[in-house]
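The values are calculated or read from the model by the stated rules, or taken from the named source; none is laboratory data. All values reported here derive from a predicted model rather than from experimental measurement. All Cβ positions, even for glycine, are placed from backbone atoms using ideal geometry, and neighbour counts span all protein chains on display. The area values use the complete protein model at the heavy-atom level, side chains included, leaving out ligands, DNA and RNA. Shrake-Rupley method; radii C 1.70, N 1.55, O 1.52, S 1.80 Å.
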Amino acid sequence: MRADSGLRLENHLRPPRALPPVPSAIQDDTPLSHPKKKKPRTKTTLGSASLEGFVQTATRRPSEGSEPPNKEPVEHPEAPVQRRQKKTKLPLELETAFTQKTSSPSVLRNENGIDVEPAEEPVIQKPRRKTKKTQLAELQYANELGVEDEDIITDEQSNPEQQSVFTVPTGVSQPVGKVFVEKSRRFHATDRAELIKTTENIDVSMDMTPSWTTRDVALSVHRAFRMVGLFSHGFLAGCAVWNIVVIYVLAGDQLSNLSNLLQQYKTLAYPFQSLLYLLLALSTISAFDRIDFAKTSVAIRNFLALDPTALASFLYFTALILSLSQQMTSDRIHLYTPSSVNGSLWAAGIEEQVLQPWIVVNLVVALLVGLSWLFLSYRPDMDLSEELMFSSDVEEYPDKDKGIKASS
Amino acid sequence: MLQTSNYSLVLSLQFLLLSYDLFVNSFSELLRMAPVIQLVLFIIQDIAVLFNIIIIFLMFFNTFVFQAGLVNVLFRKFKGTIILTATYFALSISLHVWVMNLRWKDSNRFVWTDGLQTLFVFQRLAAVLYYYLYKRTAVRLGDPRFYQDSLWLRKEFMQVRR
């Protein structure tokens with residue numbers, strides 16, 4: 001990987017080439033990846049007769065400008081060995097339908113960073129190129145395809161001045177107007193511009209991935225939950241107010257019509273109780289998040305300082321306890337049958353006795369929830385958890401540890 | 001080092017289990033047409049809590065802090081979560097057993113007593129604290145600092161040795 005990044009740097013520094021084809025432009029940012037479906041290839045117009053000659057020229061070419069200078073001494077002694085290997089390898093090359101393609105040196109050099117023995121690469125790499133369809137090759141083509149139009153020629157051309165020491169044996173190749181993409185074991189001519197479009201997208205997404213760390217995932221989840229909390233604060237306040245209004249309307253003046261309330265409200269009581277718990281739980285968690293409740297010392301200090309957010313979380317928690325304590329009464333309302341019916345839970349005359357505290361508690365819950373919502377909306381951006389948990393400085397830690405010690 | 005994709009997967013699994021837990025806690029009382037429904041919901045809920053406990057411990061084991069042998073540091077940091085999760089698990093199981101025992105014959109019976117109501121309140125309150133602390137711990141374990149050597153860790157190590 002280190003060698004790879006070195007290469008990349010090198011590529012950026014390099015001045016633009018005057019002469020077309022070759023590999024050097026190709027290698028930049030090509031993450032190693034898994035095999036892909038298609039692998040585009042170009043056929044060169046070279047005859048086999050000239051193969052011997054261009055192997056040598058091309059092998060020297062890549063190291064000319066794009067190879068890190070410190071690598072050269074290492075590669076240099078191995079050059080004759082490589083050349084010899086290449087020569088023995090040639091018959092195999094000739095058997096294949098497609099011979100040298102423009103991107104081949106870049107493949108080798110990209111993998112140079114990883115492969116330990118560069119001298120053996122030609123032997124290993126060539127068969128692999130034929131059999132494996134890698135995304136790597138595809139990405140290289142995204143860059144490869146971006147050659148200048150005037151570069152595209154059909155004539156054979158070799159550059160004797162491009163002499164170099166690094167010897168990766170390849171053929172001389174030229175970009176042609178069409179790109180041959182392998183689809184279902186056949187090569188189809190495809191337009192270059194089209195292929196560039198599809199491959200560039202992949203390139204972008206591959207570049208994005210390394211910058212997305214676990215911390216970012218955690219942070220985005222945290223922020224997503226804060227949005228959920230923000231929604232539930234408002235929704236809960238609205239629901240609670242609506243609930244208490246409905247109760248008072250159904251109960252009539254001075255709670256004179258309680259049996260009507262029971263009959264109308266009995267289908268609503270339990271679902272509302274459930275919804276209330278759900279929303280209260282979400283809101284409480286969200287409010288705790290905002291004051292970073294787990295750091296008790298900080299939370300208590302904020303509470304004593306009458307910080308609105310700390311007050312809101314306290315009010316939510318109180319509302320939660322009060323609401324939960326009415327579970328029994330809610331179930332009783334849910335199972336309401338008139339006192340005349342056999343086995344009724346509601347004996348004549350106990351309605352007011354049971355319902356009075358229930359209504360009061362509901363009223364208090366609505367008030368607490370509404371107040372909390374107001375308090376939170378006073379400082380909607382406050383989020384101590386995010387500040388304390390995701391601060392990246394190491395210097396933060398002493399403070400954090402103090403807080404933990406104080407809490408324990 | 002923790003992989004981003006792995007962490008995302010684990011985090012979403014944890015949140016899925018937490019959401020299921022919250023859903024059952026909220027709406028199990030409504031879903032009592034037959035006692036079997038509640039029984040199945042409760043069993044899955046308890047298994048979900050158990051799974052969450054296992055997952056969070058696996059995440060602990062995966063940290064550099066743990067592998068460096070500073071179990072104590074990790075425990076001190078996440079003591080609240082560990083204790084509360086265990087408490088919630090115990091409370092849940094006892095409430096579920098109690099409620100199912102009372103409702104098994106007739107799921108629409110009025111079963112509430114003061115004791116059951118008290119247990120119910122404590123279980124539901126513990127649930128909220130469990131969600132909060134568990135969520136916080138899961139999110140905090142995404143911090144790369146837990147997975148690499150750092151100055152902070154060395155300080156901790158010195159403190160432990162002292």
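On the basis of being at the interface with chain B (Cβ under 9 Å from one of its Cβ atoms), within 33 Å of the chain's Cα centre (by Cα), modelled with pLDDT under 95 and not in a loop (DSSP other than H, G, I, E, B), does A:Phe288 make the cut? Criteria met by A:Phe288.
Residue pairs whose Cβ atoms lie under 8 Å apart, separated by 6 or more positions or on different chains, with the first residue in the stretch A:233-248 and within 13 Å of A:Ile359 (Cβ to Cβ) and the second in a helix (DSSP H, G or I) and open to solvent by 30 Å² or more (accessible area, probe 1.4 Å), are A:Ile244/A:Leu363; A:Val246/A:Leu268. Number of residues in the stretch A:330-362 that are more than 19 Å from A:Tyr270 (Cβ to Cβ) and assigned to a helix (DSSP H, G or I): the value is 4.
Only one of the listed residues (B:Val128, B:Val121) is open to solvent by less than 10 Å² (accessible area, probe 1.4 Å) and either under 26 Å from A:Leu282 (Cα atoms) or modelled with pLDDT under 90 (or both). That residue is B:Val128.
Scan the stretch A:319-337 for residues that are touching a residue at least 12 places away in the same chain (Cβ under 8 Å) and more than 19 Å from B:Val111 (Cα to Cα) and jot them down. A:Ala319, A:Leu320, A:Leu322, listed by residue number.
Residue-level analysis places A:Tyr277 among those that are under 16 Å from A:Leu368 (Cα atoms) and among the aromatic types (Phe, Trp, Tyr).
Residues in the stretch B:128-142 that are aliphatic (A, V, I, L, M) and more than 7 Å from chain A (Cβ to nearest Cβ): B:Leu129, B:Ala138, B:Leu141. Within the stretch A:240-278, the set of residues being among the hydroxyl-bearing types (Ser, Thr, Tyr) and part of a helix (DSSP H, G or I) comprises A:Tyr248, A:Ser259, A:Tyr265, A:Thr267, A:Tyr270, A:Ser274, A:Tyr277. When you check B:Asn25 against the structure, is it in a helix (DSSP H, G or I) and over 29 Å from B:Ser150 (Cα atoms), yes or no? Here the answer is yes, as B:Asn25 does meet what is asked. A:Thr309 fulfils the conditions (1) in contact (Cβ under 8 Å) with a residue 60 or more places away in the chain; (2) more than 12 Å from chain B (Cβ to nearest Cβ); (3) open to solvent by 30 Å² or more (accessible area, probe 1.4 Å) except for a single criterion, (3). Taking the criterion of being farther than 30 Å from B:Phe61 by Cβ and basic (Lys, Arg), the residues of the stretch B:98-149 that qualify are B:Arg103, B:Lys105, B:Arg109, B:Arg124. Can you tell which of B:Arg76, B:Arg109 is of a type in the set (Lys, Arg), part of a helix (DSSP H, G or I) and either open to solvent by 60 Å² or more (accessible area, probe 1.4 Å) or farther than 19 Å from B:Arg124 by Cβ (or both)? That would be B:Arg76, the only listed residue that is of a type in the set (Lys, Arg), part of a helix (DSSP H, G or I) and either open to solvent by 60 Å² or more (accessible area, probe 1.4 Å) or farther than 19 Å from B:Arg124 by Cβ (or both). Scanning the stretch B:36-43 turns up no residue that is within 22 Å of B:Ile83 (Cα to Cα), within 14 Å of another protein chain (Cβ to nearest Cβ), touching a helix residue (DSSP H, G or I) at 6+ places or on another chain (Cβ under 9 Å) and assigned to a helix (DSSP H, G or I).
Yes or no, residue by residue, for (1) open to solvent by 10 Å² or more (accessible area, probe 1.4 Å); (2) in contact with a Ser or Thr (Cβ under 8 Å, 6 or more places away or on another chain); (3) modelled with pLDDT of 95 or more:
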{"site": "B:Met1", "(1), (2), (3)": "yes, no, no"}
{"site": "B:Phe15", "(1), (2), (3)": "yes, no, yes"}
{"site": "B:Ser19", "(1), (2), (3)": "yes, no, yes"}
{"site": "B:Ser28", "(1), (2), (3)": "no, no, no"}
{"site": "B:Val36", "(1), (2), (3)": "yes, no, no"}
{"site": "B:Thr113", "(1), (2), (3)": "yes, no, no"}
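Annotation note: Cβ proximity below 6 Å between a residue of the stretch A:252-275 that is in contact (Cβ under 8 Å) with a residue 60 or more places away in the chain and a residue that is assigned to a helix (DSSP H, G or I) and of a type in the set (Val, Ile, Thr) (sequence gap 6+ or interchain) occurs for A:Lys266/A:Ile333; A:Ala269/A:Ile333.
Residues in the stretch B:14-28: is at least one of a type in the set (Val, Ile, Thr), out of contact with any His (no Cβ under 9 Å at 6 or more places or on another chain), within 13 Å of chain A (Cβ to nearest Cβ) and free of Cβ contacts under 8 Å to residues at least 24 places away in the same chain? Yes. Against the conditions (1) under 23 Å from A:Ile321 (Cβ atoms); (2) surrounded by fewer than 16 Cβ atoms within 10 Å (Cβ to Cβ), A:Ile359 satisfies every one except (2).
If I ask for residues that are in contact (Cβ under 8 Å) with a residue 40 or more places away in the chain, of a type outside the set (A, V, I, L, M, F, W, C) and under 22 Å from B:Leu141 (Cβ atoms), which ones from the stretch A:220-232 would you list? Correct list: A:His222, A:Arg223, A:Arg226, A:Gly229. Here is a check on your reading of the model: is B:Val65 more than 12 Å from the chain's Cα centre (by Cα) and open to solvent by 60 Å² or more (accessible area, probe 1.4 Å)? The answer is no for B:Val65. Looking at the stretch B:69-76, is at least one residue among the aliphatic types (A, V, I, L, M) and more than 21 Å from the chain's Cα centre (by Cα)? The answer is yes, given that some residue of the stretch B:69-76 is among the aliphatic types (A, V, I, L, M) and more than 21 Å from the chain's Cα centre (by Cα). B:Asp149 passes every criterion in (1) at the interface with chain A (Cβ under 10 Å from one of its Cβ atoms); (2) outside any helix (DSSP H, G or I) apart from (1).
When A:Ala281, A:Ala319 are screened for being within 9 Å of chain B (Cβ to nearest Cβ), farther than 15 Å from A:Ser385 by Cβ and assigned to a helix (DSSP H, G or I), only A:Ala281 passes. Residues being at positive phi, at pLDDT below 90 and of a type outside the set (S, T, N, Q) are entirely absent from the stretch B:47-67. Among the residues of the stretch A:341-352, those that are closer than 13 Å to A:Ser256 by Cα and either at pLDDT below 80 or open to solvent by 70 Å² or more (accessible area, probe 1.4 Å) (or both) comprise A:Gly349, A:Glu352.
Selection over the stretch A:312-326 of residues that are open to solvent by 50 Å² or more (accessible area, probe 1.4 Å) and either modelled with pLDDT under 90 or under 15 Å from A:Gly229 (Cβ atoms) (or both) gives a count of 1.
Across the stretch A:204-229, the qualifying residues are those that are touching a Pro at 6+ places or on another chain (Cβ under 7 Å) and in a helix (DSSP H, G or I), and the one among them that is modelled with the lowest pLDDT is A:Met206.
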